[in-house]
Amino acid sequence: MENKVIRVAMIGFGGIAKSHKRGYEKLEKQGAPVKLVAICDIDPEQFTKAQAINLEGNSKYDLSGQTLYTDLDEMIAKETFDMVDICLPSFLHKEYATRMLRTGKHVLCEKPMSLSSADCEEMIATAKACGKKLMIGQCLRFEPLYLFLKNAIEEGTFGKVKNAFFERLSAMPRWGFEGWYHDTNRSGGAILDLHIHDVDMVRFLFGEPKAVSAIAYDAETRWAVINSRFMYDDDKIVVATASWDEAKSTKFAMPYRVNFEKATVTQQGGVVTVYPAEGEPYEAELPKADRMAEEIRFLAMSILEDSENVKNPPESAMMTVKLVETLRESIAQKGATVAF
Ligand SMILES: NC(=O)c1ccc[n+]([C@@H]2O[C@H](COP(=O)([O-])OP(=O)(O)OC[C@H]3O[C@@H](n4cnc5c(N)ncnc54)[C@H](O)[C@@H]3O)[C@@H](O)[C@H]2O)c1
């Protein structure tokens, strides 16, 4: 394994793939043992057009270091690679992840893991049967803005959490392959596509809730705006909101506010501010890590070292999809408390 470099092929080169591409460029500059060697997208225009997604704005990219394909079978036949990075629309995740695992590749697959927890179980079983690693791109687990909270909770830096509020607010996505975001059957609506980030983060920070209560309304998809409450054994209040129904002129926003015993911590526009119970507020100093680069590095290293993925295992990504299903049960009962 000495000097081994993990060779990666990407499938799907739409909106989020461009952020992954930037991640690979950063990793290569840093000399990380991972290299993006090929990309496949059925739409060749994706290799030339600039992409604007709510999250990041326009991106520029240089594809001179990758071989480009519009046919997956051809890429599999011609390329040598260890790992595939699936950036396909959500309704294709299970089909392509299981296919690539069976082809003998390790798989990084974008969130949400799939449209149902039954699909997720099949993906995990396939990874086990094939002896390959599967990781889902729950990228906030690699984002310094949220790792600051994780660390504060684990270290008890500011005492216990008393209440926590997470938001993820966006206009309806205006890009997307054949309008898939607008079709609840293919995207799962904002609850599965957008809210899933905070549902996963709540579990990552606080563990499994004992019950949930949620309300939602439909707009351009079902479950376009959601407000969820996560209940624990203690009486802390944990609430998350997501929206695909903000005005078109708004910018994507993902603020949070967590109130600990000894400080309130807020994050707005990528700035984490600590307001101590005693003393002056200050801005937290955070590492300048790119969450996409870090999740790719993490999986590549765990392949190289054959280490167990305790930070972001697929079983946990499946539980996050299960929790979304439980939130939908509560929504169907107009916000009734449903055990998890
Ligand atoms: N982690 C995040 O923060 C984040 C942000 C945005 C999107 N996502 C997720 O990433 C995934 C992709 O989202 P997106 O916005 O990039 O979608 P997109 O529609 O912009 O891109 C999908 C790409 O897949 C291509 N494609 C479709 N079918 C194909 C096939 N059979 N073979 C090869 N290529 C095919 C399309 O041509 C398109 O270029 C979704 O699951 C989405 O939820 C994650």
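With K and R counted +1 and D and E -1, the other residues having a Cβ less than 15 Å from that of Glu45 yield a net charge of -1.
Could you give log10 I(q)/I(0) at q = 0.11, 0.13, 0.15 Å⁻¹ for segment 230-295, computed by the Debye formula over C-alpha point scatterers of equal weight, without solvent? Debye output, listed in q order: -0.41, -0.57, -0.74. For the chain, the spread of Cα positions along the three principal axes, ordered from largest to smallest, is 59, 43, 42 Å. Taking every alpha-carbon pair under 8 Å whose residues sit at least 6 apart, segment 36-166 reaches a relative contact order of 17 percent.
Using R0 = 30 Å, the C-beta based FRET efficiency linking Asp73 and Met301 works out to 0.50.
Considering only beta bridges that DSSP places wholly inside the chain, some 55 percent are antiparallel. Pairs Lys4/Lys105; Lys160/Lys322; Lys18/Lys150: which exceed 19 Å Cα-Cα? Over 19 Å apart, Cα to Cα: Lys160/Lys322; Lys18/Lys150.
Sparse packing (at most 15 other Cβ atoms within 10 Å of the Cβ) combined with a DSSP loop state is found for the following GluC sites (Glu not before Pro) in segment 195-266: Glu261. Our estimate of slack between Lys29 and Asn185, defined as 0.36 nm per intervening residue step minus the Cα-Cα distance, is 52.2 nm. Of the trypsin sites (Lys or Arg not before Pro) found in segment 56-125, the ones in coil according to DSSP and having at most 15 other Cβ atoms within 10 Å of their Cβ are Lys60.
Sort segment 189-340 into rounded, prolate or oblate with this rule: let a ≥ b ≥ c be the square roots of the eigenvalues of the Cα gyration tensor; rounded if a/c is under 1.5, and if a/c is not under 1.5, prolate when a/b is larger than b/c, oblate otherwise. Rounded.
Its relative contact order, with pairs defined as Cα atoms under 8 Å and 6+ residues apart, puts the chain at 20 percent.
As a calculated quantity, the FRET efficiency between Glu122 and Lys334 at R0 = 35 Å, using C-beta atoms, amounts to about 0.65. For the listed residue pairs Lys111/Lys251; Lys35/Lys248; Lys21/Lys133, the alpha carbons are over 31 angstrom apart in Lys35/Lys248. Given +1 at the Cβ of Lys and Arg, -1 at the Cβ of Asp and Glu and no other charges, the dipole of the chain around its Cα centre is 80 debye to the nearest 20. Among the trypsin sites (Lys or Arg not before Pro) in segment 156-221, those placed in a DSSP loop whose Cβ has at most 14 other Cβ atoms within 10 Å are Lys160, Arg174, Lys210.
Over segment 105-177, all Cα pairs binned in 5 Å intervals from 0 give whole-percent P(r) values of 3, 11, 14, 16, 15, 15, 14, 9, 3, 0, listed from short to long.
Note that segment 68-143, at 37 °C in a medium of 0.692 mPa s, gets a Stokes-Einstein diffusion coefficient of 258 µm²/s from its Kirkwood radius over C-alpha pairs. Rounded to 0.05, the FRET efficiency of the Asp218 and Asn3 pair, given R0 = 56 Å and the Cβ-Cβ distance, is 0.55.
The coefficient of translational diffusion for segment 1-142, derived via Stokes-Einstein from the alpha carbon Kirkwood radius under 25 °C and 0.890 mPa s, stands at 158 µm²/s. Look at the alpha carbon pairs under 8 Å that are at least 6 residues apart: their mean separation over the length of segment 233-306 gives a relative contact order of 14 percent.
No value in this document is a laboratory result; all are computed from the given coordinates. Computed from a predicted structure; not experimentally measured. Glycine gets a Cβ as well: all are built from the backbone with ideal geometry, and neighbour counts include every protein chain shown.
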